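Step one of this worksheet: look at the structure below.
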Amino acid sequence: MQITTTHPQPEVAHSLDLVGRFDAFEVPSFDDIIASLPSETGQTIAVDLSQVEFIDSAALASLVRVMKRQREAGGDLILRKPSDPVRVIFELTKLNAAFTIED
Amino acid sequence: MSANETAAQSGDTSVVASLTEALVNSNDRLLGLIRLTEPANDTLDETTALDEIAIRAVKILDLSYLRLTEAAGQTTPRAPASDHQQRWWRGERTTAKPTTEQPDGTDAEWSAVQPLNGNAELSLSAFRPEPFETGDTKVLTAVFNLMAGAIRSARLHQAALRQAVVAQEHNAAAQITTAALQPGGTLPFSGALDIHALCEPARTTGGDLWAWHRTDDDTVWFAVGDVSGKGLPAAVLMTTVVHALRNAFVQSGLAGPGSGLDPAELLSNVDREVFQAISQAGLFVTLVVGRCDANHGLAIANAGHSPVYLVGDGELELIEATVPPLGVIEGSSAIVWERQLDAQDALILATDGFTEQRNPAGELFGEDTYASALLDAVSHPAASDISEHMVNLLIAHADGREQDDDSTLFVLKHKVIG
């Protein structure tokens, strides 16, 4: 999986674009990058999922951890443009009710 | 003898003495090189091996100081490029000791650099009052290669040890998993119901779970779930959820006929008991809980679990999740799905080990293939045959590829007599 971090935008502190499979093998790299981002209270992180072709439960758990961490600090995690396979998983697990998802 | 002849003879003697000294020195270096190789074979401890090589090098080359530096490249975002470790040894005639002192700048210096692993770099510097000759640099190069070899051997050994620990952890996780789950197969004492359950753990243990309980009033409770992630944390959480479920099942039965909980209330009770443990572990658990009463009335509550299907008479009904998995949002209340289980129906609960199994080309078995395969599978009268049909299809799809995740299947239907 390729992970690209982009420059801060007005509404989000950090934006990440993910490309490829997002599974248990990719979670440590994703977690490392998230941990390396400078964090301040109330910040929002955006993750673009438009080019993710597969997501498994370990990756979903990683996103849940980031979402909880950001919300506890007064910010949020925004998931952007989930691809169809990813959207199906979010709907089946009802995790779409837990996340802020933007199309 | 003339003065010239005496001078010539004296010169010859000097050349011979010089050659002899060179030969002795060369021989000493050869012997030194042989001695150098001895300690490196005796230990796999990095510090001990480096100390022993340094002591020999100091003795052979009469060094005042020896310095080994390891500079780590930027291998992860957490490791700054400036990371480096340095070890110094101070020469004391025939031996050397680790030190923090440094040479005063008057000594001659020899240095060399070589890559270690990935982006890391190793450098060796030797110091002594006398200049280093060609032969000395050859010996120092051999010393350097030995030190690098000792580091690589020690770290490979450590990596092998870590792998062994991981393998041990996996075995422990697999044993915990096996011990916590009820025995699978065709479930005994299921009254008028035919129930078959199977759970095939993958090599890297996941967190699939299932449980069932029949109360005194012939109500059958059942559940299938999946802890996100793999390994020991997932296995430990799985056992926590299984115990909470079975407690809740038994408590419901103790409440007496008709006064038990509905599946959404039971799910909430389990969520209350396990939420903190799941949340603190940074994981979540998809869980579907169902109840089938003595009159075949089905009631199901689903927290983020898939796939859950009622299959019968050529039709499929997907029983969708109404709340996210346990551990994500505390206090969610699921909506109960209710239906009568007809004679031709089969309720089939599975985990994503079925739908996400890949073949050698990397293609998933997939939700659609799984769903259409269920329509064929339910033509079998026995729950165990339905399970076997689905497992055979999964094995055929995998086509020799290793199982990607735990695979769990739970089939519940009317018992067919004869």
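Among the residues of segment A:80-98, write down those that are surrounded by fewer than 21 Cβ atoms within 10 Å (Cβ to Cβ) and either within 10 Å of chain B (Cβ to nearest Cβ) or touching a Ser or Thr at 6+ places or on another chain (Cβ under 8 Å) (or both).
A:Arg80, A:Lys81, A:Ser83, A:Pro85, A:Val88, A:Glu91, A:Asn96, A:Ala97
Selection within segment A:67-79: residues that are more than 10 Å from every other protein chain (Cβ to nearest Cβ) and open to solvent by 10 Å² or more (accessible area, probe 1.4 Å). The member of this set that is nearest to the chain's Cα centre (by Cα) is A:Ile78.
Out of B:Asp385, B:Asp406, B:Asp368, which single residue is in the same structural domain as B:Leu298 (by TED's automatic domain parsing), touching a Gly at 6+ places or on another chain (Cβ under 6 Å) and among the charged types (D, E, K, R)?
Checking each option against the conditions leaves just B:Asp406.
For the criterion of being closer than 21 Å to B:Gly327 by Cα and open to solvent by 30 Å² or more (accessible area, probe 1.4 Å), A:Asp31 passes. Give B:Thr355, B:Thr369, B:Thr351 a once-over and let me know the one that is touching a helix residue (DSSP H, G or I) at 6+ places or on another chain (Cβ under 8 Å), within 14 Å of chain A (Cβ to nearest Cβ) and either open to solvent by less than 10 Å² (accessible area, probe 1.4 Å) or on the phi < 0 side of the Ramachandran plot (or both). None of the other options fit; the residue is B:Thr355. Every condition in (1) open to solvent by less than 30 Å² (accessible area, probe 1.4 Å); (2) at the interface with another protein chain (Cβ under 9 Å from one of its Cβ atoms); (3) out of contact with any Phe, Trp or Tyr (no Cβ under 7 Å at 6 or more places or on another chain) holds for A:Val47 except the one numbered (2).
Going by what's in this entry, would A:Arg21 be described as in contact (Cβ under 8 Å) with a residue 24 or more places away in the chain, among the basic types (Lys, Arg) and open to solvent by less than 40 Å² (accessible area, probe 1.4 Å)? The answer is no for A:Arg21. Among the listed residues B:Asp218, B:Asp136, which satisfies the condition of being touching a Gly at 6+ places or on another chain (Cβ under 6 Å) and more than 30 Å from B:Ala277 (Cα to Cα)? Sole residue among the options that is touching a Gly at 6+ places or on another chain (Cβ under 6 Å) and more than 30 Å from B:Ala277 (Cα to Cα): B:Asp218.
Residues of segment B:367-418 that are over 19 Å from B:Ser306 (Cα atoms) and β-branched (Val, Ile, Thr): B:Ile395, B:Val416, B:Ile417.
In segment B:248-270, the condition of being within 13 Å of another protein chain (Cβ to nearest Cβ) and either in contact (Cβ under 8 Å) with a residue 24 or more places away in the chain or among the hydrophobic types (A, V, I, L, M, F, W, C) (or both) is met by at least one residue.
Report yes if B:Leu394 is more than 12 Å from every other protein chain (Cβ to nearest Cβ) and in contact (Cβ under 8 Å) with a residue 60 or more places away in the chain, otherwise no. Spell out the reasoning first.
Numbers: more than 12 Å from every other protein chain (Cβ to nearest Cβ): yes; in contact (Cβ under 8 Å) with a residue 60 or more places away in the chain: no.
So B:Leu394 fails the test.
Contact annotation: residue pairs with Cβ atoms under 8 Å, 6 or more positions apart or on different chains, pairing a residue in segment B:100-128 that is free of Cβ contacts under 8 Å to residues at least 12 places away in the same chain with a partner that is part of a strand (DSSP E or B), are B:Val113/B:Glu121; B:Val113/B:Leu122; B:Val113/B:Ser123; B:Pro115/B:Glu121; B:Pro115/B:Leu122. Based on this model, can you work out whether A:Ser62 counts as open to solvent by less than 20 Å² (accessible area, probe 1.4 Å) and either within 25 Å of B:Asn302 (Cβ to Cβ) or more than 10 Å from chain B (Cβ to nearest Cβ) (or both)? Yes; evaluated as a whole, the condition is true for this residue. With respect to B:Glu363, determine if the residue is open to solvent by less than 50 Å² (accessible area, probe 1.4 Å), among the charged types (D, E, K, R) and either over 23 Å from B:Asp194 (Cα atoms) or modelled with pLDDT of 95 or more (or both). No.
In segment B:221-237, the residue that is nearest to the chain's Cα centre (by Cα) out of those that are over 27 Å from B:Gly400 (Cβ atoms) and surrounded by fewer than 24 Cβ atoms within 10 Å (Cβ to Cβ) is B:Leu232. Do we have B:Ala154 as surrounded by 14 or more Cβ atoms within 10 Å (Cβ to Cβ), in the same structural domain as B:Glu46 (by TED's automatic domain parsing) and within 34 Å of the chain's Cα centre (by Cα) here? Against the criterion (surrounded by 14 or more Cβ atoms within 10 Å (Cβ to Cβ), in the same structural domain as B:Glu46 (by TED's automatic domain parsing) and within 34 Å of the chain's Cα centre (by Cα)), B:Ala154 qualifies.
Would you confirm whether or not segment B:372-385 contains a residue that is at negative phi and within 13 Å of chain A (Cβ to nearest Cβ)? Give the derivation first.
Going residue by residue through segment B:372-385, those that are at negative phi are B:372-385.
Still in the running and within 13 Å of chain A (Cβ to nearest Cβ): none.
Scanning segment B:372-385, I find no residue that is at negative phi and within 13 Å of chain A (Cβ to nearest Cβ), so the answer is no.
The values are calculated or read from the model by the stated rules, or taken from the named source; none is laboratory data. All of these numbers come straight from a predicted model, not from anything done at the bench. Counting neighbours? That spans all protein chains shown, and the Cβs are built from the backbone with ideal geometry, glycine included. For the accessible areas, the whole protein counts, side chains as well, though only heavy atoms, and no ligand, DNA or RNA atoms are used. Shrake-Rupley method; radii C 1.70, N 1.55, O 1.52, S 1.80 Å.
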